[in-house]
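The values are calculated or read from the model by the stated rules, or taken from the named source; none is laboratory data. Here the structure is a predicted model, which means the values were calculated and not measured. Because the Cβ atoms are built from the backbone with ideal geometry, glycine has one as well, and the counts that use them run over all protein chains shown. Just so you know, the surface numbers come from the protein's heavy atoms only, side chains and all, with ligands and any DNA or RNA stripped out. Shrake-Rupley method; radii C 1.70, N 1.55, O 1.52, S 1.80 Å.
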Amino acid sequence: MSYRSTPSASLPRLNDRSGSWATRIDIGLVLLTAGAISLAALRIFPVWTDDAVISQLIGQGNSLSEYHRDRPLVGWLWQFLNERGLFFSAVGVCHWISWSSLALGAMWTWRLLFSRQQRFGLAVACLVLSPVLCEAQWVLVNFPLGGVFGSALATIALGLALASFGSALAWRPRLALAAGLVFLGGQFSEYSVPATVAAAVILVLHPWWNSAPRAALRRGIVAAGVLTLAAVLSYALYHALGDPSARQRVRPELLLTNSIAWRLKILLPRLVSQFWLSTVGALGGFLGRVRFDSLPALGAAAVGAVTALVVVIRVRAQSVPGPAAKPNSAADVGPREASFGNLPIVLAALLCGLLPMVVMGAISEGRSSSRYLLPVLPMASCATVAILMQVLNRRWWWLIPTLAGFAVGCGQTTEFLWARQDEQKLAKWSAEIRQNLAPDGLTVAVFGSHWAHSDLVSGAFELTYWLTSGSGWTEDQRERFWALSSLESSHTDKGTVELFSDRPRLDLQIRGVGRSGPISRILWLRTENDSLIIEPTPPAPAARADEHRP
């Protein structure tokens, strides 16, 4: 929207149409999609190391608050729920609330910033929920509260501040509520800080870019300052309450004094790379990975097609031209939205939100590290849709909701189906491995090739959990077994794994969970057509070299 035609005596009210039936239907679709993802995450729990470690902690009766010494509020909440037998039901609800809030916050942000193209807000929400820009939707326990919830609260705070620009009466109470949300989000994790930085940039640049009256510009600056102050104070409290020895690799006082000159030297190229990977680069990479060579892949594509159809129908239903407008014309587009709209300020917010993470060395280079994009995921999704609108001719804009709907439907279904297949394989292999355990001492199983179709359960902790969760395993057998997904995974910064010495030994600990002691037996494993083959000898030196080849 533009402030140019607005008398300076009054402030414009951003048109979010929050009470329309169209918006309510879109909200319902987002809640339904997020609910389906949460149910699927419950079904395939645990994935990734955090979930698997927590599963073992609960099974051993250990304290969850001790595991979360760096996040005391999260640890207290999980411990409180676990003591009352509500943990596994509560984590599903928290997962649904966190991801729904982030997706709805992104949709609201789009509708406020691109008020004349509000119908594409559903596409923005789909990108947030799809495994495209961020691939952490399947982690059930830590990420939802530890990263998603704080980022969602910062995004909602941005919406509250923007929506109050046009109301002098609602300005102060909404800003106070927004600051409270930012402060609350900061008690869950440090992720809310870069999310608030991105929000502050928009609050300052939005009135300036749209030639707003000075009163609106002042409000934007004040709102940005208040939210930033709330984020800084909250992080200071969060930092003071957390145990610095729990997760030293995220402590800024340690990271910023380590190779700071080198970090600044590579800052610009890394920032550009992360900017590309967090927008259309990630979407293009996802489309390049779509497969049609198996029945599960075709099934996932069919789900994606149905989801895309629903999203396109919803977008087109809100774009029926009025009697004075012509189809595919620019009649409903303002002066700046006809060219770039608010895209430049969204891109600036995205870059500023990425900057703290790049300086700290949090780089998105794979599935697990894509969680570092959580704070800027709403901005990245808005930027992706807005960039596509600039690149595509207006008559091809229907491709945008098609791609977004296909991404969330096909992407999440693919992840679930591959995870289910991996789970079935591991359940079958579990009995074979149990029969070959050493009678005493530690047994280590080493897979000679990457067995999984996905990375959801390929790490050591989650792989060990799934292999020992089958029937027939005693607690003593579980404590005396460890699995490595490859020879390469034996080289870890979380401990020591010596497989080829005269006295093989295992010493691994991650927040109180691990194995330690001499290795009594090593099982060399390889997979062939979903069958498990136990080799009597370790792989040849050439095969070992292949395992370590980047």
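Pop a pseudo-label 7 angstrom from the Cα along the beta-carbon direction at both Ser63 and Ser368 and give the gap in nm to one decimal.
Rounded to a tenth, the inter-label distance reads 2.6 nm.
Asp26: net charge of surrounding residues, Cβ under 9 Å, Lys/Arg +1, Asp/Glu -1, itself excluded?
Working: positive: Arg24, Arg119, Arg314; negative: none.
Net local charge, Asp26 excluded: +3.
Evaluate E = 1/(1 + (r/R0)^6) for Gln421 and Arg172, where r is the Cβ-Cβ distance and R0 equals 35 Å; express this FRET efficiency to the nearest 0.05.
Details: r = 55 Å, r/R0 = 1.57.
Efficiency for this residue pair is about 0.05.
Long-range amide H contacts for Val139: which residues qualify at under 5 Å (H placed 1.01 Å from N, peptide plane, sequence gap of 5 or more or a different chain)?
Amide H neighbours of Val139, under 5 Å, 5+ apart: none.
Using θ = phi - 60° and the Karplus relation 6.51 cos²θ - 1.76 cosθ + 1.60, list the HN-Hα couplings for region 270-280 in order, rounded to whole Hz, with x at every Gly or Pro.
5, 5, 5, 4, 5, 4, 5, 5, 8, 10, 5
List, in order, the whole-Hz ³J(HN,Hα) value for each residue of region 198-210 obtained from phi through the Karplus relation with A = 6.51, B = -1.76, C = 1.60 and θ = phi - 60°; use x for Gly and Pro.
Here the 3J(HN,Hα) series is 4, 5, 5, 4, 5, 4, 7, 7, 4, x, 5, 5, 9 Hz.
Arranged from highest to lowest average of other beta-carbon atoms within 10 Å per residue, in what order do the peptides 105-115, 517-527 appear? Spell out each step's value before the answer.
On the way: 105-115: 25.2, 517-527: 16.8.
My ranking of the peptides, most packed first, is 105-115, 517-527.
Can you sort Glu498, Glu462, Glu66, Glu423 by solvent-accessible area, 1.4 Å probe, largest first?
Numbers: Glu498 75, Glu462 5, Glu66 105, Glu423 30 Å².
Solvent-accessible surface, decreasing: Glu66, Glu498, Glu423, Glu462.
Enumerate the amide H contacts of Glu535 below 5 Å, restricted to partners 5 or more residues apart or on another chain; note that Pro and chain-start residues carry no placed amide H.
Trp524, Leu525, Arg526
For Val312, what charge total do you get from the other residues with a beta carbon under 15 Å from its beta carbon, if Lys and Arg give +1 and Asp and Glu give -1? Each step should come with its number before you reach the end.
Values: positive: Arg119, Arg314, Arg316, Arg395; negative: Asp26.
Net of charged neighbours comes to +3.
Run through every distinct alpha carbon pair of region 115-223 and return the Kirkwood hydrodynamic radius in angstroms, one decimal place.
Working: mean 1/r = 0.0663 Å⁻¹.
That comes to 15.1 Å for region 115-223.
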